[in-house]
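The values are calculated or read from the model by the stated rules, or taken from the named source; none is laboratory data. Computed from a prediction, not measured in an experiment: that's the story for all the values here. Cβ: placed from backbone, ideal geometry, glycine included. Neighbour counts: every protein chain shown. Side chains are part of the model used for accessible areas, which takes the heavy atoms of the whole protein and leaves out ligands, DNA and RNA. Shrake-Rupley method; radii C 1.70, N 1.55, O 1.52, S 1.80 Å.
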Amino acid sequence: MNKQELITEVNKNFNNVDSKWIDQIEIYRNFLTEYNKKVNLTRLDGESKVYGLYFYESIIPYKDIDFSKINSVLDIGSGSGIPGIVLKIMFPHIHLGIIESNNKKVTFLKELVSKLRLKNVDVYLKRAEDIKEDEYESYDLVTSRAVGKLKAMLEVSTPYAKVKGLVVIPKSQNYQQETNGLYHLNKRLDVEQKMNSFVSANDIQHNVFVFIKTHKTNRIYPRSWSKIAKDN
């Protein structure tokens, strides 16, 4: 996918995108490419892979989200900034929170935010399950992409979402093996589940789980990671 194809696909799939988004994406791409020579952030090199497999495939799972109704987003395990930074570039009005446990990636993210001159972005060096009391029910949308298994990420993500907020977890083709016991977890976390499956412009299968939070989260969640991992 080249630059023009990325522009075409974004304009086709997303509404009310900021007119300057592609200029910001170019700054992002150049900064990432140079930084990647010093610190290995991604194995995707070359313009076509960065445009197509890095930027486009990271955001296309969110094409059906109405971001005009979303004021705050939390990206858990953002790594080198996807999808959180890209969504912030496209929709500058959102207040973005990023949780990342890798110190080198946090350093990159903070430098990237400065390079892009983004406002209302908070980058936290921590593990998502180490939630503080004042962090519960804080975001309209919480997401985690390619971080962990479905049930594990649902448990650590849901406490951060507001009541009536969304938890969005994209998955690949092999998601079925991660759904055992998901119905019961949904009940315990007070979420309702939807799923959308589609094939992207790059012929990649996406299975997007969207959970709507119906009540405040019981403070026993999230459990410690050792307990979460044991159940997954």
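Values computed for the structure shown
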{"item": "Output for region 85-121, where each listed residue is open to solvent by 30 Å² or more (accessible area, probe 1.4 Å) and in a helix (DSSP H, G or I)", "result": "103, 104, 105, 107, 110, 111, 114, 115"}
{"item": "Members of region 1-57 that are of a type in the set (S, T, N, Q), in contact with a Phe, Trp or Tyr (Cβ under 8 Å, 6 or more places away or on another chain) and surrounded by 15 or more Cβ atoms within 10 Å (Cβ to Cβ)", "result": "42"}
{"item": "Condition broken by residue 61, with the remaining ones in (1) open to solvent by less than 40 Å² (accessible area, probe 1.4 Å); (2) within 20 Å of residue 20 (Cβ to Cβ); (3) modelled with pLDDT of 95 or more satisfied", "result": "(2)"}
{"item": "Residue match in region 70-83 (condition: within 22 Å of residue 164 (Cα to Cα) and either open to solvent by 60 Å² or more (accessible area, probe 1.4 Å) or in a helix (DSSP H, G or I) (or both))", "result": "yes"}
{"item": "Residues that are among the aromatic types (Phe, Trp, Tyr) and surrounded by fewer than 16 Cβ atoms within 10 Å (Cβ to Cβ), drawn from region 170-200", "result": "183, 198"}
{"item": "Those residues of region 10-35 which are of a type in the set (S, T, N, Q) and either touching a Lys or Arg at 6+ places or on another chain (Cβ under 7 Å) or touching a residue at least 12 places away in the same chain (Cβ under 8 Å) (or both), in sequence order", "result": "13, 15, 16, 24, 33"}
